[in-house]
Amino acid sequence: ANELIRHNMVVFSNGEQALQVLPGIVDSIPEARLNLIIYYLRHNSVNEAFELVRDLEPATPQEYIIKGVVHATIGQRNTNREHLKMAQQCFQLVGTSAHECDTIPGRQCMASCYFLMRQFEDVNIYLNSVKAYMYNDDDFNYNHGIALAATRNYKAAEEALLLIHNEAYKAEYVYISWLARCYVMNGNPRSAWELYLKMTSSNESFNLLQLIANDCYRMGHFLFAAKAFDVLERLDADPEYWEGKRGACVGVFQQVIAGKASRDDLQDVLTMIRNTSNPQVEYIVRIIKKWCKENNVKIT
């Protein structure tokens, strides 16, 4: 009885003193093992969680779910198919069981199973069915946002991702890159560019620049495509970046002529074009300046 009281005190105090109390009672109180695993997962101690799960033979839905979560975490971190397969099996057993298939945890398990299989249309069917109960859940909105974006439902994906409050999640590259793609696809490239400006220089910021450059180009947001290609070109002399910047700058020029972009954008275009040492630069600059002179656009 004393062990049960100590266990419950840890649970009700949101994990306080978990490491002092739970390890000593995992063999006498089954829930203690599960709550210690949950504690380790919440504190990013995945290896410790796996040691407790390794020999666990699940008998309840909760045990299958926790075992599945641990295997999924390790499998995604290490790109380990065996762990991912084990996680899929755990989630599927719960999600297809007669007692759990119509419960919120059961449907989330099926969504998790399909997520690991990258069948995002199916993920969305299950997550949509429980969305009303999970509105303020950051984990739910993260997974739902990515699944929606993966099925090109960028408007709903952006809405889901912007519901997230957890600052650690919002600092992850996966979150930033998906949100940036949603912004671009939803016609808001400036917000995607601002996400890049907030990042420190790293491989991740370089990758985000490539995403913004290519997605903006594809969507006809040529000014921000040019800005991204301009930075990429200064970081890496790959001639493809010049070609991308050249095409995007010409795209801005065409949009200005057609009245679909601000004439003020041409000053930015000329500045970016002149950043490159290439025989084509002078010709492009001359064409733009000639048009500006004929149309009373002030540039330097």
The list (i) 1.09; (ii) 1.61; (iii) 1.35 gives values of Cα Rg over 2.2 N^0.38 Å, and only one came from this structure; which label was calculated from it?
-> (iii)
Size of the dipole of region 152-300 about the Cα centre, Lys and Arg at +1 and Asp and Glu at -1 on the beta carbon, nothing else charged, in debye to 20?
-> 640 debye
Along the Cα-to-Cβ line of Asp268, 7 Å from the Cα, sits a label point; which residues in region 278-300 have backbone N less than 19 Å from it?
-> 285, 288-289, 292, 297-300
To the nearest 10 degrees, how steep is helix 61-78 against the longest Cα principal axis of the chain, on a 0 to 90 scale?
-> 40 degrees
Express the relative contact order of the chain as a whole percentage, based on alpha carbon pairs under 8 Å and six or more residues apart in sequence.
-> 6 percent
Linear extension gain, Arg118 paired with Tyr133, 0.36 nm per residue minus alpha-carbon span | 3.0 nm
Rounded to one decimal in nm, the spacing of the 7 Å Cα→Cβ label points at Asn207 and Val285 is 3.7 nm
Note down the nm distance, to one decimal, between modelled labels 7 Å out along Cα→Cβ at Asn278 and at Glu82.
-> 4.9 nm
Points 7 angstrom from Cα along the Cβ direction at Ala258 and Leu162: gap in nanometres?
-> 2.7 nm
Size of charge dipole - the chain - debye, nearest 20, with Cβ of Lys, Arg +1 and Asp, Glu -1, no other charges | 1540 debye
Based on the mean of other beta carbon atoms within 10 Å per residue, what is the order of 110-117, 157-164, most packed first?
-> 110-117, 157-164
Using 0.36 nm per residue, how much length does the chain from Gln62 to Asn186 gain when fully extended, once their Cα-Cα distance is taken away?
-> 40.7 nm
Cβ-derived FRET efficiency at R0 35 Å, Lys170 paired with Glu16, nearest 0.05 | 0.85
Once you treat every alpha carbon in region 16-163 as an equal point and sum by Debye, what is log10 I(q)/I(0) at q = 0.14, 0.17 Å⁻¹?
-> -0.71, -1.00
Could you give the angle, 0 to 90 degrees to the nearest 10, between helix 30-42's Cα long axis and the longest principal axis of the Cα atoms of the chain?
-> 20 degrees
For the chain, find the longest principal axis of its Cα atoms and tell me its angle to the long axis of helix 81-95, 0 to 90°, nearest 10.
-> 60 degrees
Convex hull over the alpha-carbon atoms of region 101-222: what's its volume per residue in Å³?
-> 103 Å³
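A short reminder: the numbers here are calculations on the coordinates, not readings from a lab. Just so we're clear, the structure is a prediction, and the values are computed from it rather than from any experiment. In this analysis, Cβ positions are derived from the backbone assuming ideal geometry, glycine residues included, and neighbour counts consider all displayed protein chains.
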